[in-house]
1. Being of a type in the set (A, V, I, L, M, F, W, C) and under 13 Å from the mean Cα position of the chain (by Cα) is the filter here; which residues of segment 1-17 pass it?
2. Go over the candidates Lys97, Lys105, Lys53, Lys91 one by one and state the one that is surrounded by 13 or more Cβ atoms within 10 Å (Cβ to Cβ), charged (D, E, K, R), touching a strand residue (DSSP E or B) at 6+ places or on another chain (Cβ under 8 Å) and closer than 26 Å to Cys18 by Cβ.
3. Search segment 22-40 for residues that are closer than 17 Å to Asn63 by Cβ and pair each with any residue that is of a type in the set (A, V, I, L, M, F, W, C) and in a helix (DSSP H, G or I) when their beta-carbon atoms are under 6 Å apart and the residues are at least 6 apart or on different chains.
4. What number goes with the only condition from (1) at negative phi; (2) out of contact with any Gly (no Cβ under 9 Å at 6 or more places or on another chain); (3) touching a residue at least 12 places away in the same chain (Cβ under 8 Å) that Pro111 does not pass?
5. Can you find a residue that is hydroxyl-bearing (Ser, Thr, Tyr), crowded, with 16+ Cβ neighbours inside 10 Å and within 22 Å of Lys105 (Cα to Cα) anywhere in segment 14-31?
6. Does Arg7 satisfy being within 20 Å of Leu80 (Cβ to Cβ) and modelled with pLDDT under 95?
Amino acid sequence: MFTKEERSTFPYWFAHWCAFNMTALNLRMWKLKYLFHDIEKPFLMLLWKDYTKVQKWHRTHNNHHLEYKGGVDNIDCEALIIDWECSHFTKEKSQLKCREEVLRKINSNHPKSDFLKNKIIPLLDKLNL
């Protein structure tokens, strides 16, 4: 488990990459593109040396995040589910599984609650998560 402060490190990135791919395999959702999951983060850390900046850029430019600037119609729902489902393996402060995280966001009136209810919940049901 990594603390929030340790998430800017290469060992965290690699552990998350392994957990993401393991989860995708276990859910029978693995795709070749997952070998490149979050691949830019270590390079951006070397370049910018500011994890907050790297994290913000990453979330707005990668379609497996709700913050993706391409809009909800372009979010990769499967990768988002895998990302949230695996987070409890590597993040000390993120112990919720995907369904729990989705329900937490819906219950807190997240701006994208309708997307979560209409797109993500049905996929979770289909995956028995």
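1. Within segment 1-17, the subset of a type in the set (A, V, I, L, M, F, W, C) is 1-2, 10, 13-15, 17.
Within segment 1-17, Trp13, Trp17 meet the criteria.
2. On the way: Lys97 fails: touching a strand residue (DSSP E or B) at 6+ places or on another chain (Cβ under 8 Å); Lys105 fails: touching a strand residue (DSSP E or B) at 6+ places or on another chain (Cβ under 8 Å); Lys53 fails: touching a strand residue (DSSP E or B) at 6+ places or on another chain (Cβ under 8 Å).
After applying the criteria, what remains is Lys91.
3. Final answer for the pair search is Ala24/Ile82; Tyr34/Ala24; His37/Trp17; His37/Phe20.
4. Pro111 satisfies every listed condition except (3).
5. Narrowing segment 14-31 to residues hydroxyl-bearing (Ser, Thr, Tyr): 23.
Keeping just the survivors that are crowded, with 16+ Cβ neighbours inside 10 Å gives 23.
Checking the rest, the ones that are also within 22 Å of Lys105 (Cα to Cα) come to 23.
So far as segment 14-31 goes, yes, one or more of its residues are hydroxyl-bearing (Ser, Thr, Tyr), crowded, with 16+ Cβ neighbours inside 10 Å and within 22 Å of Lys105 (Cα to Cα).
6. Working: within 20 Å of Leu80 (Cβ to Cβ): yes; modelled with pLDDT under 95: yes.
Against the criterion (within 20 Å of Leu80 (Cβ to Cβ) and modelled with pLDDT under 95), Arg7 qualifies.
The values are calculated or read from the model by the stated rules, or taken from the named source; none is laboratory data. It should be emphasised that the depicted structure is a prediction, and the values quoted were computed from it without experimental measurement. Here Cβ is always computed from backbone atoms with ideal geometry, including for glycine, and neighbour counts include all displayed protein chains.
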